[in-house]
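The block underneath contains the structure these notes are about, expressed in structure tokens.
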Amino acid sequence: MKTLPYNDFGNWIRKKFPFRVQKISVDAGFTCPNRDGRLSVNGCTFCDNRTFSPSYCSRNKSIKEQIEEGKDFFARKYPEMKYLAYFQSFTNTYGSVEDLKRKYEEALAVDNVVGIVIGTRPDCVDEQKLDYIAKLNEECLVIVEYGIESANNETLRRINRGHTFECSKEAIKKTKERGIITGGHIIIGLPGEDRNESLRQAAIISECGLDILKIHQMQIIKGTKLAKEYIEKPFHLYSVDEYIELISKYIQYLNKDLILERFVSQSPKELLLAPKWDMKNYEFTNRLINEMKSTGAYQGKLVNIGNQA
């Protein structure tokens, strides 16, 4: 097993199962309170769900059909593979408990599905939903993944997120209390947040109780409100070299036990306005590892400094 300067998700998941496991994205037909009018109809300024939905992932198909097509796609390379159903598109706890039960359990009934990952917003869980998910967690692997995006409430208002960082912390706390593996997602380079602000937030994110963290760079997607803002008044977007240096530093402020799942996202070229790095995820990761090893950086190295700051 490769020795890495950070706590890698791939190594962690391999210890969980005696077989290879792959996520399959599912669009279960949920919407979002930031789109359906409960909070807003405009959504987050940066968001376009098409940027992370694979071709087999469509709400026009049943959950089972989507998973079976995903299995066909991956099984060509690894016939013995098992799967996690990844409820990714929109807000996947935004419905009644009965609705969640029907959709999650349809996924878990598919052959070789050994768990689920639930992507959601921190303002769309409650005690009843978390109690149900906790029972499900007794039967299979369950990960609840919250879109945090930033620990700065002014930024969250600016991007029309519709919740505060305190809301995220409370949702994480209640999920962890039930023994559910809890993940979070943040974006580095949001408008108004410079390098120093990102590093300031690293210790805050690290200490809020997450098990897993996903990070990606700010990407401007064509047709979004943020794209309009960027065209009218461009703000700084990181180059690859700048971002690698920043993430290398950021990781050093994170608790050594926090599992890091990813550092970049790759939106379809036809949707991406900027930045255009033209780099595969694995190429980025290799460059980041080399940067960290060459500078003696490793996860947790600066935790005490970050906490004091």
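The values are calculated or read from the model by the stated rules, or taken from the named source; none is laboratory data. These figures come from a predicted structure and were not determined experimentally. Note that each Cβ is placed from the backbone with ideal geometry, even for glycine, and that neighbours are counted across all protein chains shown.
Of all the residues in segment 133-176, those that are more than 18 Å from the chain's Cα centre (by Cα) and within 26 Å of residue 21 (Cα to Cα) number 8.
The number of residues in segment 137-149 being surrounded by fewer than 18 Cβ atoms within 10 Å (Cβ to Cβ) and touching a residue at least 40 places away in the same chain (Cβ under 8 Å) comes to 1. Picking from residues in segment 121-136 that are aliphatic (A, V, I, L, M) and in a helix (DSSP H, G or I), the one that is surrounded by the most Cβ atoms within 10 Å (Cβ to Cβ) is 133.
Out of all the residues in segment 225-242, which are of a type in the set (A, V, I, L, M) and either more than 16 Å from residue 265 (Cα to Cα) or in contact with a Leu (Cβ under 6 Å, 6 or more places away or on another chain) (or both)? Passing the criteria: 226, 227, 231.
Does residue 142 qualify as being assigned to a strand (DSSP E or B) and touching a Cys at 6+ places or on another chain (Cβ under 7 Å)? So residue 142 does not fit the description; no.
Here is a check on your reading of the model: is residue 248 within 17 Å of the chain's Cα centre (by Cα), surrounded by 15 or more Cβ atoms within 10 Å (Cβ to Cβ) and of a type in the set (Gly, Ala, Ser)? Spell out the reasoning first.
Details: within 17 Å of the chain's Cα centre (by Cα): no; surrounded by 15 or more Cβ atoms within 10 Å (Cβ to Cβ): yes; of a type in the set (Gly, Ala, Ser): yes.
Criteria not met by residue 248.
Here is a yes/no grid of residues against (1) in contact with a Phe, Trp or Tyr (Cβ under 8 Å, 6 or more places away or on another chain); (2) free of Cβ contacts under 8 Å to residues at least 40 places away in the same chain:
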{"position": "123", "(1), (2)": "no, no"}
{"position": "131", "(1), (2)": "no, no"}
{"position": "151", "(1), (2)": "yes, no"}
{"position": "166", "(1), (2)": "no, yes"}
{"position": "187", "(1), (2)": "yes, no"}
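Quick check, is residue 267 small (Gly, Ala, Ser) and modelled with pLDDT of 95 or more?
Working: small (Gly, Ala, Ser): yes; modelled with pLDDT of 95 or more: no.
Criteria not met by residue 267.
How do the pairs read when you match residues in segment 196-214 that are farther than 14 Å from residue 302 by Cα with residues anywhere that are modelled with pLDDT of 95 or more and of a type in the set (Asp, Glu), using Cβ under 8 Å and keeping only pairs 6 or more apart or on different chains? Pairs that qualify, where the first residue is farther than 14 Å from residue 302 by Cα and the partner is modelled with pLDDT of 95 or more and of a type in the set (Asp, Glu), are 212/145; 212/261; 213/261; 214/145; 214/261.
Residue-level check: of (1) surrounded by 17 or more Cβ atoms within 10 Å (Cβ to Cβ); (2) more than 25 Å from residue 15 (Cα to Cα), residue 304 misses just (1).
Residue 273 satisfies every condition listed in (1) assigned to a strand (DSSP E or B); (2) touching a Phe, Trp or Tyr at 6+ places or on another chain (Cβ under 6 Å) except (2). Evaluating residue 220 against the criteria (1) in contact (Cβ under 8 Å) with a residue 24 or more places away in the chain; (2) on the phi > 0 side of the Ramachandran plot leaves one unmet condition, (2). Residues that are under 18 Å from the mean Cα position of the chain (by Cα) and either at pLDDT 95 or above or crowded, with 17+ Cβ neighbours inside 10 Å (or both) number at least 1 in the following helices (runs of 4 or more DSSP H) confined to segment 1-120: 9-16.
Would it be correct to say that residue 260 is buried (at least 19 other Cβ atoms within 10 Å of the Cβ), assigned to a loop (DSSP other than H, G, I, E, B) and of a type in the set (A, V, I, L, M, F, W, C)? So residue 260 does not fit the description; no.
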